[in-house]
Amino acid sequence: MNHYPAEPFRIKVVEMMKTMSKEEREAAMIEAGYNTFLLKSEDVYIDLLTDSGTTAMSDRQWAGMMIGDEAYAGSRNFLHLDAVVKEYYGFKHMVPTHQGRGAENLLSRLKIKPGDIIPGNMYFTTTRYHQEANGGTFKDIIIDEAHDPSVDHPFKGNIDLTKLQALIDEYGADRIPYVCLAVTVNLAGGQPVSMQNMREVSALCKKHNIDIFFDATRCVENAYFIKKREEGYKHTSIKDILLEMMSYGDGCTMSGKKDCMVNIGGFLAMNDDTLFARSKELVVVFEGMPSYGGMAGRDMEAMAIGIKESVDYAYIAHRVEQVKYLGDQLEAAGVPIVRPVGGHAVFLDARAFLSHLSQDQLPAQALAAHLYIESGVRSMERGIVSAGRNKETGKNHSPKLELVRLTIPRRVYTYAHMDVVADAVIALYNKRESITGLEFVYEPPMLRFFNARFKPL
Ligand SMILES: *Cc1c(COP(=O)(O)O)cnc(C)c1O
């Protein structure tokens, strides 16, 4: 028997969920154009669409909301957040933003010139969008193992140093404004990066005078994997692991909606004084004053408290092991999933699950739709639809990974809910041949997965 840690919290407030018949769910899915993003949340039983902003805040965070200082400038909650970000992330400066993409927008505008190359360990949708909107080209330098859902590797998010060196040789360090180092790698399945790899990437970048900016969105989950899997970190606290990780970079973008445990918020952090000065100039155009970015005072307070709670071992151990609990059940039943299970989600391998469909029949989109119809469980496509089109050729990107993401919100669901999800996925797997493919009826020009509509083939 595997051991999974019980919830390290008591439940103080509850939200009742609605149950619907299969016929009602089928009608809701047709109305949503077979896109789980377009379902009404009320019509969802267990919502595993995303762990973004869906965290249950603690009693302390809610108490913090009551001491929001909504002054236009110089809010005490900003001063608190500023101090906490510096203490836990170790960077010299920060500006708050409304969420992660706000920070990505600022960083991309400040650092990227047309013709630049931005290497990264697999793309993320909004990150790549901002890089490309500023004339840059994203280049994937993740290790090959990350593209194979069946390969076990403890640090599948690692950067391949040979690929990074090859880009430096081909384009020259001058055309690489920074390396975007994501910890963990969302689209690879929440896979972590080892400390050793960060150290090596940092050494190589230093040699060529290239900056490193972390996508730190899921950095606490990454720190937990380092503690569990990497030699020499067993007795190091999550807080100290996080600080060491961040010490290998020049700054980070952060979505507070993930590992900072709030419903909205984010920040851009950096060490460079000039970059900080320019960030403060730019943040007023897109977000707000440098002392609130896009956030209310109360939200900054909740985020400051959330950051402190996020490095608590009992919290993060339960969070990551609960995800693994779901993965272990599916694996035991023979359902094809990305291995090993990552930090925030279990990813179904839709290519293998629906092997009778080709990628242009949008297997992951179809699987997500049918999982909802069968069970009321909402998931998300992470495959050809999310990957979008190449901006030069107009052709679909065809990612190797065609996945459905079952993302577990932080502190929201119990192990019993995970059992319900596992049973639903297994039941669907047993009648997988009945699932047909989909085609677009409406395709938005950018970040199409959010609003696209489909119909069955
Ligand atoms: C969610 C996420 C982002 C974007 O953050 P938002 O707060 O949604 O704008 C960037 N990178 C990763 C890895 C993410 O998971």
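Which of the residues belonging to segment 141-172 are without any contact (Cβ under 8 Å) to a residue 12 or more places away in the chain and either aliphatic (A, V, I, L, M) or not assigned by TED's automatic domain parsing to the domain that holds T126 (or both)?
Of segment 141-172, the ones without any contact (Cβ under 8 Å) to a residue 12 or more places away in the chain are 145, 162, 166, 169-170, 172.
The answer is A166, and nothing else.
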Give segment 273-294 a look and list any residue that's in contact (Cβ under 8 Å) with a residue 40 or more places away in the chain and not in a loop (DSSP other than H, G, I, E, B), or say none. D273, L275, F276, R278, S279, K280, L282, V283, F286
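To keep it simple, each residue is scored yes or no on (1) closer than 23 Å to R229 by Cβ; (2) touching a helix residue (DSSP H, G or I) at 6+ places or on another chain (Cβ under 9 Å).
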{"position": "I305", "(1), (2)": "no, yes"}
{"position": "I316", "(1), (2)": "yes, yes"}
{"position": "L330", "(1), (2)": "yes, yes"}
{"position": "G343", "(1), (2)": "yes, yes"}
{"position": "A352", "(1), (2)": "no, no"}
{"position": "L357", "(1), (2)": "no, yes"}
{"position": "A368", "(1), (2)": "no, yes"}
{"position": "R378", "(1), (2)": "no, yes"}
Being among the aliphatic types (A, V, I, L, M) and in a strand (DSSP E or B) is the filter here, so list the residues in segment 184-214 that pass it. V185, I212
Scanning for something within 21 Å of the chain's Cα centre (by Cα) and surrounded by 12 or more Cβ atoms within 10 Å (Cβ to Cβ), does segment 67-78 turn up at least one residue? no
So which pairs qualify, if the first residue must be in segment 1-18 and surrounded by 10 or more Cβ atoms within 10 Å (Cβ to Cβ), the second must be polar (S, T, N, Q), the Cβ gap must be under 8 Å, and the two must be at least 6 apart or on different chains? Y4/Q322; E7/T414; F9/S58
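Are there helices (runs of 4 or more DSSP H) fully within segment 39-150 with at least 2 residues that are in contact with a strand residue (DSSP E or B) (Cβ under 9 Å, 6 or more places away or on another chain) and over 29 Å from D349 (Cβ atoms)? List them. Explain how you work it out, then say what you get.
Details: elements: 59-65, 76-89, 100-111, 125-133.
Once the helices (runs of 4 or more DSSP H) in segment 39-150 are filtered for at least 2 residues that are in contact with a strand residue (DSSP E or B) (Cβ under 9 Å, 6 or more places away or on another chain) and over 29 Å from D349 (Cβ atoms), what remains is 76-89, 100-111.
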Counting only residues that are buried (at least 21 other Cβ atoms within 10 Å of the Cβ) and not hydrophobic (A, V, I, L, M, F, W, C), which one in segment 275-289 is nearest to L110 (Cα to Cα)? S279
Could you check H3 against (1) part of a loop (DSSP other than H, G, I, E, B); (2) within 23 Å of the chain's Cα centre (by Cα) and say which number it fails? (2)
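Yes or no: segment 173-189 includes at least one residue that is surrounded by fewer than 16 Cβ atoms within 10 Å (Cβ to Cβ), outside the structural domain of T407 (by TED's automatic domain parsing), of a type outside the set (S, T, N, Q) and more than 16 Å from the ligand (Cβ to nearest atom).
Scanning segment 173-189, I find at least one residue that is surrounded by fewer than 16 Cβ atoms within 10 Å (Cβ to Cβ), outside the structural domain of T407 (by TED's automatic domain parsing), of a type outside the set (S, T, N, Q) and more than 16 Å from the ligand (Cβ to nearest atom), so the answer is yes.
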With the first residue restricted to segment 256-272 and required to be not assigned by TED's automatic domain parsing to the domain that holds V84, and the second required to be within 11 Å of the ligand (Cβ to nearest atom), Cβ contacts under 9 Å at 6 or more apart or on different chains are none
Restricting the first residue to segment 178-207 and requiring it to be within 16 Å of K163 (Cβ to Cβ), which pairs with a second residue that is in a helix (DSSP H, G or I) and within 12 Å of the ligand (Cβ to nearest atom) meet a Cβ separation below 7 Å and a spacing of at least six or different chains? C180/T127; V193/N222
Looking at (1) surrounded by 22 or more Cβ atoms within 10 Å (Cβ to Cβ); (2) under 25 Å from I143 (Cβ atoms); (3) of a type outside the set (F, W, Y); (4) modelled with pLDDT of 90 or more, which one does Q359 not meet, given that it meets all the others? (1)
Assess whether D299 counts as being out of contact with any His (no Cβ under 8 Å at 6 or more places or on another chain) and within 21 Å of T407 (Cβ to Cβ). no
Among residues of segment 193-236, those that are crowded, with 16+ Cβ neighbours inside 10 Å, closer than 21 Å to F91 by Cα and basic (K, R), counted: 1
Over segment 339-348, the set of residues buried (at least 24 other Cβ atoms within 10 Å of the Cβ) and either outside any loop (DSSP other than H, G, I, E, B) or out of contact with any Phe, Trp or Tyr (no Cβ under 7 Å at 6 or more places or on another chain) (or both) is G342, H344, A345, V346, F347, L348
Residue, nearest to the chain's Cα centre (by Cα), within segment 420-456, restricted to residues that are over 15 Å from A350 (Cβ atoms) and in a loop (DSSP other than H, G, I, E, B): L447
Looking at I112, is it of a type in the set (A, V, I, L, M) and more than 15 Å from the ligand (Cβ to nearest atom)? yes
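The values are calculated or read from the model by the stated rules, or taken from the named source; none is laboratory data. Bear in mind the structure is a predicted one, so any value in this text is a computation, not a measurement. FYI the Cβ positions are ideal-geometry reconstructions off the backbone, even for glycines, and counts take in every protein chain you see.
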